[in-house]
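Let me begin by presenting the structure, written as structure tokens, before commenting on it.
The values are calculated or read from the model by the stated rules, or taken from the named source; none is laboratory data. Small disclaimer: the values here were computed from a predicted structure and weren't measured. Here the Cβ positions follow ideal geometry from the backbone for every residue, glycine too, while neighbour counts run over all protein chains shown.
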Amino acid sequence: MSSAVCESIRDAFGSALVELGRSDPRVVVLDADLAEPTRTSRFGREFPGRFIECGIAEQNMVGVAAGLATTGFVPFVTTFCVFASKRVYDQVSISVAYPRLNVKMCGAYTGLFTGKTGATHQAIEDLALMRALPNMTVIEPVDAREAALATRYAAQIPGPVYLRIARDAYPVLPSHMVGQAGAWGEGDGDANGRPPFMRARTLADGHDAAIIAMGTMVHTALAAREVLRERGVVARVVAVSCLKPIDEEGIVKAATDTGAVVTVENHSIIGGLGGACAEVLGEKYPVPLKRVGIRDVFAESGADADLARKYRLTADDVAKACLEALAAKESRGCGRSRGAVAASTTATTS
């Protein structure tokens, strides 16, 4: 993965909006004085008549979008994640989700990694909030290529969508990692109509434990797999880009095949990917589960790498959690020998 090309996820989002604008005259974009950071300025330059600058009035912006949706437009509401979720939650709930209007809520600057803006701009609970809303689809792309696919998909499906867009550039995953032809294309979808990127996908196979990661944390999960492999542990890495509706079948398969699960997310461990997987597995196939994410705290300003270390979101942290889950699996009388697990744990923590 070190040689992979890095591309900006928000740039891909901005370009995809322009493409949508060219192909679908119903698409309109609403902005809250953040057109440059969210890259929606590109849409505004090409389609000034379909770009609505609402200013720093996010709640009003959602109301405007709801009204546009009732007349047949497909509004994309764009701002930072903290404002697209917490600040407008009542308006999204009552004016968008309740009547199931065709409004697309797009939040940029995800989780801790927001360019040193600190706690006021770190969206660590947005997934939990939006996942709790009936009728809401929740998506966080893995990379730039998937961001473009997700943006187009959001425009195609009826009803409200929350699209979580990372700020920075990340490696573009090679298509062969998905393990099937056309997996990054829109295709025909599965029996439920979901395109491949909306399902839980195995990016790297393994039998000792499953690391289930969301969004850009997939790259950390893949790095953790390499750390584990050096210690004799072969972990499966599963990408989940759609938190709601979550691919329950894919989550259960990862658990049944490996017997231990670690979830990884740039979000609170409460209510996000970790919570969703705990709900699914608690009902359908209980296995040892460790959640890597932000604990029950507010964070602080800092460089991404420093924040990842402080809040235990590094590849080494994921590997450690995986070894703990593996040890719990072994204590139940299955999996590799206890000695091998203990040796791996010692090697990681020494």
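A347 fulfils the conditions (1) touching a strand residue (DSSP E or B) at 6+ places or on another chain (Cβ under 6 Å); (2) at pLDDT below 95 except for a single criterion, (1). Note on region 1-81: enclosed strands (runs of 3 or more DSSP E) holding 2 or more residues that are closer than 16 Å to V161 by Cβ, not assigned by the TED database to the domain that holds A223 and not aromatic (F, W, Y) are 27-31, 74-80. Residues that are assigned to a helix (DSSP H, G or I) and not charged (D, E, K, R) within region 137-154 comprise A144, A147, A148, L149, A150, T151, Y153, A154, listed in sequence order.
In the set G49, G21, which member is in contact with a Lys or Arg (Cβ under 7 Å, 6 or more places away or on another chain) and free of Cβ contacts under 8 Å to residues at least 60 places away in the same chain?
Values: G49 fails: in contact with a Lys or Arg (Cβ under 7 Å, 6 or more places away or on another chain).
The conditions single out G21.
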